[in-house]
Amino acid sequence: MKLVVFVSMYFYINKYFSVAGVKSSHFNHDYSFLFRMFYVAMVFLVARFRFYSAWLAAECSCISLGFGAYAVECKARTGNGPTADANETQYVGEMTFDTVANVDPWNCEFSPTVRMKMRNWNKSVQWWLVTYVHRKFPIKSTRDLAVLVVSAYWHGINVGFFGAFCTMLLVSKAEDSLQKLIVNTQLPTTLKLAVHLCCMFMSMRSVDYMYISFAVLEWEHVWRVWSCLNWWVHISAIGLIFVCPLLTVKQKTNETSEEMKKKQ
C-alpha cells in the first residue's frame with residue numbers, strides 16, 4: 001500500500017516541482033522567500049517519494065524471493081543480518097525481513113533531528129559507513145566528518161555533494177547543542193511537545209535546504225540557490241552552536257546559586 005501511495009504522489013507532484021525550476025531565473029527573480037522555501041521543500045518531497053518507491057520495490061522483490069529472511073529470534077538488522085548467536089537461539093517459526101528494510105519513511109518524515117532522519121534513510125549504507133568508517137577511523141573527534149566525506153565521495157566528485165554533507169555536519173553539531181540545552185531545561189509537558197514539533201519541522205526544512213545542493217550539483221547553482229534562501233540554515237546553525245552552550249552554562253550557574261541559597 002505504501003509503495004502505491006509513494007509512486008502515485010511522485011508522478012503527481014513531479015509535474016509541478018522540479019530541479020529545473022530551481023535552476024531557472026524565475027526562482028530568484030519572481031518568487032518570494034517563503035515560496036522559495038516551499039518550492040525547495042516540494043522538490044525534496046518529490047525526491048523522497050522517488051527513493052521511498054525504489055527502496056520499497058526492492059524490498060518487495062527480496063521478500064518475494066525469500067532473500068533476507070531470518071527468524072525473529074535472530075534479531076536481524078539492516079545490512080548486518082542476524083545479531084543473536086544462532087547456536088543459543090530457539091526458533092519458533094516466525095520470520096522477519098528486517099535485514100533488507102532499507103528505509104523507514106515514518107521516522108524519516110517525523111524524527112525531530114537531522115541525525116535521526118539520516119539513521120532511517122538508506123539504512124544498509126548507513127550501517128556500512130558506521131561499521132567500516134566511523135568505528136575504524138583513528139581520530140575519534142573527526143569520525144563524523146570522515147563518514148560524511150566518504151559518503152560524499154561515494155556519491156561522486158562534485159561540489160554539490162560535499163557542500164550538502166559539510167552542511168549536514170554543521171547542522172548536526174547545532175542540534176546537539178540545542179538538545180543539551182533542552183535536556184537541561186525544566187519545561188512543562190505542553191511546551192516540550194511544542195519544542196518537539198518545532199524541531200521536527202525545522203529539521204526537515206534543513207534537509208530540504210541541504211538536498212538542493214545534491215540536486216543542482218554545480219557550485220554556481222548551489223551558491224545562487226542558497227543565497228536566494230539567505231543562507232538561513234548555515235546562519236541558524238552557527239548561531240545555535242555559539243549561543244546554546246552559553247545559555248546552558250548560565251542555566252547551570254543559576255541552578256548552583258539557587259542550591260547554595262537553599263543550603264544557607
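The values are calculated or read from the model by the stated rules, or taken from the named source; none is laboratory data. In this text, all values refer to a predicted model and were calculated from it rather than measured experimentally. So basically every Cβ, Gly included, is an ideal-geometry build from the backbone, and we count neighbours across all protein chains shown. Quick note on the areas: whole protein, heavy atoms, side chains included, nothing else; ligands and nucleic acids left out. Shrake-Rupley method; radii C 1.70, N 1.55, O 1.52, S 1.80 Å.
Taking the Cα centre as origin and putting +1 on Lys and Arg beta-carbons and -1 on Asp and Glu beta-carbons, what dipole magnitude results for the chain, to the nearest 20 debye?
Once rounded to the nearest 20, the dipole reads 660 debye.
Can you run phi through the Karplus equation (6.51, -1.76, 1.60; θ = phi - 60°) for the stretch 217-222 and list ³J(HN,Hα) in whole Hz, with x for Gly and Pro?
With coefficients 6.51, -1.76 and 1.60, one gets 6, 5, 4, 4, 6, 4 Hz.
Would you please give the FRET efficiency between V183 and R77, computed as 1/(1 + (r/R0)^6) with r the Cβ-Cβ distance and R0 = 22 Å, to the nearest 0.05?
Calculated transfer efficiency: 0.20.
Tell me, what ³J(HN,Hα) does each residue in the stretch 104-117 have, in order and in whole Hz, if you take phi through Karplus 6.51 cos²θ - 1.76 cosθ + 1.60 with θ = phi - 60° and put x for Gly and Pro?
Each residue of the stretch 104-117 in turn: 10, x, 4, 6, 5, 7, 10, 5, x, 10, 5, 4, 5, 4 Hz.
Under the classification rounded if a/c is under 1.5, otherwise prolate if a/b is larger than b/c and oblate if not, where does the chain fall, given a ≥ b ≥ c as square roots of the Cα gyration tensor eigenvalues?
The shape class here is oblate.
List the pairs from K2/K117; K23/K117; K2/K180; K15/K123; K140/K180; K140/K252 whose alpha-carbon separation is above 25 Å, in the order I gave them.
K23/K117; K2/K180; K15/K123; K140/K252
Pulled fully out, how much extra length does the chain show between S141 and V243, if you take 0.36 nm times their separation in residues and subtract their Cα-Cα distance?
The span from S141 to V243 would gain 34.6 nm if fully extended.
Could you state the accessible area per residue of the chain in Å², with a 1.4 Å probe and every protein chain left in place?
In whole numbers, the chain has 60 Å² accessible per residue.
Less than 13 Å Cβ to Cβ from A54, Lys/Arg counted +1 and Asp/Glu -1: what total charge do the surrounding residues give?
Its environment carries a net charge of +2.
What is the packing order of peptides 128-135, 145-152, taking the mean over residues of other C-beta atoms within 10 Å and listing the highest first?
By packing density, highest mean first, the sequence is 145-152, 128-135.
Are there any chymotrypsin sites (Phe, Trp or Tyr not before Pro) in the stretch 14-87 that are in a DSSP loop and have at most 11 other Cβ atoms within 10 Å? List them by number.
Y16
Express the carbon and sulfur contribution to the solvent-accessible surface of the chain as a percent, rounded to the nearest whole number, probe 1.4 angstrom.
64
At a Förster radius of 22 Å, what calculated FRET efficiency corresponds to the Cβ-Cβ distance of S24 and L3, to the nearest 0.05?
The computed FRET efficiency comes out at 0.10.
Got a sec to turn the phi values of the stretch 148-157 into Karplus ³J(HN,Hα) couplings, 6.51 cos²θ - 1.76 cosθ + 1.60 with θ = phi - 60°, whole Hz, x for Gly and Pro?
Calculated HN-Hα couplings, in order: 5, 5, 5, 5, 5, 4, 4, 5, x, 7 Hz.
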